[in-house]
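Quick notes on the structure that follows.
The values are calculated or read from the model by the stated rules, or taken from the named source; none is laboratory data. Please read these numbers as outputs of a predicted model, since none were measured by experiment. Positions of Cβ are generated from backbone atoms using ideal geometry, with glycine treated the same way; all protein chains shown enter the neighbour counts. In case anyone asks, the SASA skips ligands and DNA or RNA and just uses the protein heavy atoms, side chains included. Shrake-Rupley method; radii C 1.70, N 1.55, O 1.52, S 1.80 Å.
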Amino acid sequence: MKEKILSAYEELAVSYNQLIDHKPHNAYYDRPNTLSLIPEAKGKTILDAACGPGKYAEELIALGATVTGFDLSPRMVELARERNKDSGSFFVHDLSEPLGMLEDASFDIVLCALALHYLEDWTMTIQEFHRVLKPEGYLVISIEHPFFDFNFFQSTHYFKVEPVKCTWKGFGKPTEVNSYRRPLGACISSLTDNGFYIDQLLEPKPVPEFENLDPKHYKELNEFPGFMCIRAVPRK
């Protein structure tokens, strides 16, 4: 599975980077809603886990944050460095592996946008996020909404964590992307069983700019969520 995911993102990287600034689901749905859970970035140290081509990092750096990012895809990391030039620090790393190169309590915020669904088991990853966060820090994640995924993948067993796949056609050449579908309870317990409280759960709606580019999905996302955004704080 990991090799398939890496291959897909290496193939998608250039077109993904070219389109990410204005692609509706990213630019006018995921990003504004997820960033709304980071009300003050200025002066903060932020870990951008699974950073992709560095668009989140770019926006956070512009707000005055110091960003460290990593991604499984070497091409994505290269693009993140190019996008952010001399700002930020980016390296290749697997989200499912320990963050041994990072010190305990070294970040104010950990951000992980639209990436955890590529892991079958979140346990170690959430534990590592907890470890590298400062006691007064917080974690912000965005994920595919469990209810949307259950319907989209036509699952027959809601409670399973199961491999799924679909073909992305919005980034040029159609590309098969593999991931894992899981129930809402598994998403929440992965956080609460590993040192976090849920501070805010957002079922987002698209911002108005989305409608001009994709009125069909704008209407759909105002009726039923495709993603879910969560802010979680370490338990004292």
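Of the residues in region 218-236, how many are assigned to a helix (DSSP H, G or I) and surrounded by 17 or more Cβ atoms within 10 Å (Cβ to Cβ)? Give the derivation first.
Taking region 218-236 as the starting set, the residues that turn out to be assigned to a helix (DSSP H, G or I) are 218-223.
Okay, now just the ones that are also surrounded by 17 or more Cβ atoms within 10 Å (Cβ to Cβ), so 218, 221.
Looking only at that region, the number is 2.
Could you say which residue among G54, G43, G69, G88 is within 25 Å of R131 (Cα to Cα) and surrounded by fewer than 22 Cβ atoms within 10 Å (Cβ to Cβ)?
Values: G54 fails: surrounded by fewer than 22 Cβ atoms within 10 Å (Cβ to Cβ); G69 fails: surrounded by fewer than 22 Cβ atoms within 10 Å (Cβ to Cβ); G88 fails: surrounded by fewer than 22 Cβ atoms within 10 Å (Cβ to Cβ).
Result: G43 is the single residue among G54, G43, G69, G88 that is within 25 Å of R131 (Cα to Cα) and surrounded by fewer than 22 Cβ atoms within 10 Å (Cβ to Cβ).
With the requirement that a residue be open to solvent by 10 Å² or more (accessible area, probe 1.4 Å), part of a helix (DSSP H, G or I) and either of a type in the set (A, V, I, L, M, F, W, C) or farther than 24 Å from L6 by Cα (or both), what does region 114-155 give you?
Hits for region 114-155 are M124, H130, R131, F147, F148, F150, N151, F152.
Which numbered condition trips up Y197, out of (1) open to solvent by 60 Å² or more (accessible area, probe 1.4 Å); (2) assigned to a loop (DSSP other than H, G, I, E, B)?
Among (1) open to solvent by 60 Å² or more (accessible area, probe 1.4 Å); (2) assigned to a loop (DSSP other than H, G, I, E, B), the lone unmet condition for Y197 is (2).
Just to be sure I understand, how many residues within region 200-217 are surrounded by 13 or more Cβ atoms within 10 Å (Cβ to Cβ) and either modelled with pLDDT under 95 or not in a strand (DSSP E or B) (or both)?
Going residue by residue through region 200-217, those that are surrounded by 13 or more Cβ atoms within 10 Å (Cβ to Cβ) are 200-207, 209-211, 213-214, 217.
If we keep only those that are either modelled with pLDDT under 95 or not in a strand (DSSP E or B) (or both) as well, we get 203-207, 209-211, 213-214, 217.
Selection size over region 200-217: 11.
Are there any pairs with C-beta distances below 9 angstrom linking a residue in region 15-32 that is of a type in the set (S, T, N, Q) to a residue that is surrounded by fewer than 19 Cβ atoms within 10 Å (Cβ to Cβ) and in a helix (DSSP H, G or I), with the two at least 6 apart or on different chains, and if so which?
N17/E82; N26/L19
Does P98 satisfy the condition of being open to solvent by 30 Å² or more (accessible area, probe 1.4 Å), touching a strand residue (DSSP E or B) at 6+ places or on another chain (Cβ under 7 Å) and closer than 21 Å to S179 by Cα? Break it down into steps so the answer makes sense when it comes.
On the way: open to solvent by 30 Å² or more (accessible area, probe 1.4 Å): yes; touching a strand residue (DSSP E or B) at 6+ places or on another chain (Cβ under 7 Å): no; closer than 21 Å to S179 by Cα: yes.
Answer is no for this residue.
Restricting attention to region 156-191, report how many residues are in contact (Cβ under 8 Å) with a residue 60 or more places away in the chain, assigned to a loop (DSSP other than H, G, I, E, B) and under 19 Å from the mean Cα position of the chain (by Cα).
Of the residues in region 156-191, 3 are in contact (Cβ under 8 Å) with a residue 60 or more places away in the chain, assigned to a loop (DSSP other than H, G, I, E, B) and under 19 Å from the mean Cα position of the chain (by Cα).
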